Structures are given as structure tokens and as C-alpha cells.
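The values are calculated or read from the model by the stated rules, or taken from the named source; none is laboratory data. All values reported here derive from a predicted model rather than from experimental measurement. We place every Cβ from the backbone using ideal geometry, glycine too, and count neighbours over all the protein chains shown.
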RNA sequence: GUGGCUAUGGUGUAGUGGUAGCACAAGAGUUUGUGGAACUCUUAGCACGGGUUCAAAUCCCGUUAGUCACC
């Protein structure tokens, strides 16, 4: 088994563990920034080292389009090409299914996508996606899943669950690379029975870890958390659980207490680019005029490069000038905020104090008021 | 000093006698397996004083301010 649980919290379902990969270990629970094109938006790999990123996620479909499998074969993988020594996850491209710009059509065999670069057509099957992820050489590959957007008809989710299960079996059948872990994905919208069915089927397969997908897409928070519960209830406790696409601080803390070990999301960086930054007292909109003359860091307790050097007034000034560099500074803070939150969560689980920690965090972390 | 021109939200502007619009700015909100933004909502204006008219941002007179030209 590639995942070891080190300690379980007694009052919640939170746990700490170690994920072993071909490029070293990752302490769980952890958060992965999204590195779509070989770099995070406005954030370099040096930055990621600096803010103590353990692991990131890229997208196999987008890497297949550019730089393309030919180049990745020449460099003997993605790690060499970008010079990153630590673990890498790759998403399959299933997420692009819901994107009208990419999606062309779907059959039993797989999906036809359109390249956003030149409009060319490309076919992706569960088998082909695993092959691509092997060429990329990611440490963890995700299976191709059928992800449907939020608030659709039940039939759409039923079909998506059917496809997701059948594609998962096909991906497992062709997976031979022992240096690469493979994670299955649970779909099913927010309906209890569909989540339950999909989770049970995916759980039966010999995956190294299991992801919960298809959430944080516009459904209510209540329904999202219910869907997480419905999925987790039907998965083996011993397996590593990955909640895909969820990245707000409060959702992460709530999900850890349910037993989730792994997260990825564009939320922290997207928020940062638009001037919304995380603090322990809640997110703030730095564009607001009231920050014009606040000569203090975002947070004194934050150890990110931005907080160590700059004041809110300075960052507010850059933001109002539309200075691109401020996107770097704020993205660094938001990612580091999440990493540090998870570092503390791991320590508190270790100390057996996670329930109190999470309650205090959620009590303090409030939406901005007048 | 004389003459011309101009004056509309914070800024820039549209509006030839009939419900003052638009953009940006400002304020509130949304954003979760990346297209680097977008969207929703709110606030806010006819320089001042008089006149003509059923009705004036609009026409007339004066004041003030700005601007240009001339002396």
C-alpha cells in the first residue's frame, strides 16, 4: 500500500498520513496548487518551493496538446522538462468534459475534444489517458471520468456514473506502470443513491486512492457537503481520499474532519488575482478603499514572502494600478495560507486536538462585514 | 482691458424645447479538478441668479469660473 495512516483523530474522522510516490513522500492532509501549463498562473516553481508546496497537479490533456507527447518523450517525462523533483499529480482531462470550448461529443469509447489552441479534434479514451499520463510520468494519475455540471437532470448523472464506473475498470485494466499510482473518481451529482452506487463500485477496484469529483460546481454548499458524506461513507477508511476542486479554507477544514486527505483547487490563486485574500478572520477584498492607508501586513502571523515584506496599503496601491506583479504577491500569500493551515491541521491531529482547532478556525473565519 | 468659446455624477462625455443617458471611478456581492476576468446590484449630475414658455440641460440676459485671440 502506498498510503499509510499515521494517526487518527479520536473525535472526528480526520487523520494524518504519508503518501509514498516515486518522487518522495507527501504528508497528508495536503493541498495541491494547479500547475496547468508547467507553471502556476503568476507563480513559478521556485515560488512553490519557497512556500513549501509538497506536490502539485497538472492536466494530462492540456500537456498532451502543448508541449505534446513527443517532447515529453524526448525529455523522458515532465519532471525533467520542468525540473521539479517532488511528486506530481495529473488530472485526466475529465474536467474539460463540461467545458463547451473543449467538448465536441462523447461515445461509449471515449470523448472527442477540441484543442483551444487551433481547433483541431482529439480523441480521449480511458486507455489513451493512462498512456499519456505514463508518458508524462506523473506520480499519481487520475482516471478519465465523466463529470457533469451542477444542477442538471438526474438522467445526466445516472449516465455519468455509468460511464465513470466503466471507464475506471478500463483504466485499471491497462495500468501497468508500478512507478505511477492510479486514483479512481467518484461521481454522482448530489443524489445519495448515485453517490453511494458510484463510490461502492469504485471502491471495489484496486485503486491506490479515490477522489471525489463533480463538486464545487455551483450546487449549494449544503448539497456539496452532503455529497462528500455520501461518497466517503462508502469508501474504505484505509484508502487516501482526494476531494477534487475544493479549495476554500472553510471547506478544506470541514472536509478534513470528514476524513479527506488531499485537495486541489484554483480557488486560492483565482481569488488572489482578483484581489481577494485569505486571513484567519476571513477573506478580505483588498480593492476596498479602507485598505489605502493600512500600513500593516495582510497577517502578522503569516510567513509568506508577501507578508514578510509588504503592507496592505502597498498591495492595495498595486491592485488599484492593475499592476500585474501584485497577482504574484497575492497568489503567494493565498497558497501559503492554505499550506500553513494544513500544516497546523496536521500538527493538531498529531496532538489529538483537531476538533477544537477546527471549531476555533471556523468561528474566527468569517465573511467580511461592513 | 476687449472679444470669442466653454460650463452636464468624482472623471470623461451624450443629449437642437417634452422621462437627463453612457463609460470609467466609488460602494456591495458572486467566483472552488485555471482563459490572466467576467457578471449582478447600488450610489452619484445639468456652475450660480433671473427671464421667455404649458414645458428649459437646451432659447434670452446677467454673474462666476476656465480657456483662446487681440490690445
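Of the helices (runs of 4 or more DSSP H) contained entirely in region A:274-370, those carrying at least 1 residues that are in contact with a strand residue (DSSP E or B) (Cβ under 6 Å, 6 or more places away or on another chain) fall at A:325-351.
Whether any residue in region A:123-143 is in contact (Cβ under 8 Å) with a residue 24 or more places away in the chain and closer than 15 Å to residue A:214 by Cβ is what I want to check. Among the residues of region A:123-143, at least one is in contact (Cβ under 8 Å) with a residue 24 or more places away in the chain and closer than 15 Å to residue A:214 by Cβ, which makes the answer yes.
Assess whether residue A:232 counts as being surrounded by fewer than 24 Cβ atoms within 10 Å (Cβ to Cβ), in the same structural domain as residue A:8 (by TED's automatic domain parsing) and within 19 Å of the chain's Cα centre (by Cα). Walk me through it before giving the result.
Numbers: surrounded by fewer than 24 Cβ atoms within 10 Å (Cβ to Cβ): yes; in the same structural domain as residue A:8 (by TED's automatic domain parsing): yes; within 19 Å of the chain's Cα centre (by Cα): yes.
Judged against the criteria, residue A:232 is a match.
Restricting attention to region A:249-286, the residues being within 6 Å of RNA strand B (Cβ to nearest atom) and surrounded by fewer than 20 Cβ atoms within 10 Å (Cβ to Cβ) number 6. The set of residues from region A:32-42 being more than 16 Å from residue A:78 (Cα to Cα) and either buried (at least 23 other Cβ atoms within 10 Å of the Cβ) or out of contact with any helix residue (DSSP H, G or I) (no Cβ under 9 Å at 6 or more places or on another chain) (or both) comprises A:32, A:33.
Under 17 Å from the mean Cα position of the chain (by Cα) and assigned to a loop (DSSP other than H, G, I, E, B), is that true of residue A:247? Judged against the criteria, residue A:247 is a match.
Residue A:254: part of a loop (DSSP other than H, G, I, E, B), assigned by TED's automatic domain parsing to the domain that holds residue A:18, farther than 19 Å from residue A:149 by Cα and modelled with pLDDT of 95 or more, yes or no? Break it down into steps so the answer makes sense when it comes.
Values: part of a loop (DSSP other than H, G, I, E, B): no; assigned by TED's automatic domain parsing to the domain that holds residue A:18: yes; farther than 19 Å from residue A:149 by Cα: yes; modelled with pLDDT of 95 or more: yes.
Considered against the rule, which asks whether it is part of a loop (DSSP other than H, G, I, E, B), assigned by TED's automatic domain parsing to the domain that holds residue A:18, farther than 19 Å from residue A:149 by Cα and modelled with pLDDT of 95 or more, residue A:254 comes out as no.
Within region A:207-222, can one find any residue that is crowded, with 22+ Cβ neighbours inside 10 Å, within 14 Å of RNA strand B (Cβ to nearest atom) and assigned to a helix (DSSP H, G or I)? Within region A:207-222, not a single residue is crowded, with 22+ Cβ neighbours inside 10 Å, within 14 Å of RNA strand B (Cβ to nearest atom) and assigned to a helix (DSSP H, G or I). Among the numbered conditions (1) assigned to a strand (DSSP E or B); (2) under 24 Å from residue A:124 (Cβ atoms); (3) away from RNA strand B (no atom under 13 Å from the Cβ), the only one that residue A:57 does not meet is (3).
Give region A:18-29 a look and list any residue that's buried (at least 23 other Cβ atoms within 10 Å of the Cβ) and assigned to a strand (DSSP E or B), or say none. A:19, A:26, A:28 - these are the residues of region A:18-29 that are buried (at least 23 other Cβ atoms within 10 Å of the Cβ) and assigned to a strand (DSSP E or B).
Within region A:184-199, being part of a helix (DSSP H, G or I) and more than 21 Å from the chain's Cα centre (by Cα) holds for A:192, A:193, A:194, A:196, A:197. State whether one or more residues within region A:169-183 are within 14 Å of RNA strand B (Cβ to nearest atom) and either in contact (Cβ under 8 Å) with a residue 60 or more places away in the chain or not in a helix (DSSP H, G or I) (or both). Yes, the conditions are met somewhere in region A:169-183.
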